1. Relative contact order for segment 62-131: what is it in percent, counting Cα pairs under 8 Å that are at least 6 residues apart?
2. Between exposed chymotrypsin sites (Phe, Trp or Tyr not before Pro) in the chain, where DSSP calls loop and at most 12 other Cβ atoms lie within 10 Å, what's the longest gap?
3. Using a 10 angstrom cutoff on alpha carbons, build the Gaussian network for the chain and name the most mobile of 29, 251, 112.
4. With viscosity set to 0.890 mPa s and temperature to 25 °C, compute the Stokes-Einstein D of segment 84-134, Rh being the Kirkwood radius across alpha carbon pairs; µm²/s, no decimals.
5. Would you mind calculating the relative contact order of the chain from Cα pairs under 8 angstrom and at least 6 residues apart, reporting the percent as a whole number?
6. Which GluC sites (Glu not before Pro) in segment 255-350 pass both tests, a DSSP loop state and at most 16 other beta-carbon atoms within 10 Å?
7. So, with +1 on the Cβ of K and R and -1 on the Cβ of D and E, and no other charges, what is the size of the charge dipole of segment 62-131 about its Cα centre, to the nearest 20 debye?
8. Name the trypsin sites (Lys or Arg not before Pro) in segment 108-166 that are in a loop by DSSP and that have at most 15 other C-beta atoms within 10 Å, would you?
Amino acid sequence: MSNQCKIKLESRNINKTIVKLGCVNITNNAGRNWTFIFGSKHGYNQFIVNHTFTVTLEPLPLKNLPSFDVTLNEELTSASIFVRDCDQVTETKYLSFQCGMNNNQYTPLPKNCAFTCPVKSESVYNISIIRLPIPRHNGTESKACNNNHASAIRVLKRTTAMFMCNISYDCLIINSDMLAVFKDDTIAEQCTLKLTYFPVMEHTNVIVTCINIANNAGRDWKFVFGSKIGHKSNVVNETFVVTLEPFPLNNITSLNMKTDESITLASMIVPHCDQIAEMKYLSFRCGFDNNNQQPLPDNCTFTCPVRPGSLLFVGIIRHPIQRQNGRPSVNDTFTMESRGFYFNIGTTNV
């Protein structure tokens, strides 16, 4: 029997008994699960079944930590940092550190509470300690993930070069610092993770944000979400696909046009057309007749017949693109977009 726990009958009637249980002086357990059994003493008749409960204690606020111990090497290129009593905050698996404000990479804090950061002389650095989300148990044992697949994925935001999505799990993820986003079997450094737990619902939301995705507008960006190599986070590594926004045609301010010597043919160049989307979705037409629509060549160049002194209309068309929102989708698309350009054809060669 635990002497630090006291029991009080809060209320009792013919249908229900409420027992108030208070436990104090629980040491070295901040931010950790405290499991206990409530029931009958040994040797007494059991009117209730002995039952196991788990409560997660509050983590120690990071502001309560003492100042970091910082030691520079002789060359002033590296700083050794020691975070005293870091293991009193919570389990170290929920702690990370960050070297510098411009570094988006969170690195797991070692169990010995010590780490190093690169530095330069006569510079100011911000070194941060981050406590990651902790699954919180409120009495009954919550369902931890055990090789679970994602129950859903929803794209929250996307542009031509970034996206944010919510990957949901109907369980609580442990060892969250062992999770990562992979691109081509390598950890995608441009992606960050933020976990939100709902212990009562036994649910975890993972917010994945990936930025600075180059040369992928209007294209599928395939990635894997799951555990880092050699570690287990109790979720299955799964492949997801998000289609980024195509480059808006309205951002094309002009076409480069040049007529031949006889002013019977105009050569057109669409600047950086391959940045709009995959070339298979792009077409052009000379004039207003949709029947004259043709695929835009890979070199972004095409010609139109012209006459001296005439007005030429040229249309650039981006056809509908199937939009992937994490998992295969057949009914979602980026709708067709078109942009028209007018050219006054002179009577002399330009």
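Nothing in this text is a laboratory measurement; each read-out follows from the coordinates by a stated rule. It should be emphasised that the depicted structure is a prediction, and the values quoted were computed from it without experimental measurement. Note that each Cβ is placed from the backbone with ideal geometry, even for glycine, and that neighbours are counted across all protein chains shown.
1. 35 percent
2. Segment 48-287 is the longest.
3. Result: 251 has the largest fluctuation of those listed.
4. 209 µm²/s
5. So the answer I get is 10 percent.
6. Answer by residue number: 261, 278.
7. Roughly 300 debye for segment 62-131.
8. Passing both the DSSP loop test and the Cβ count: 111, 120, 143.
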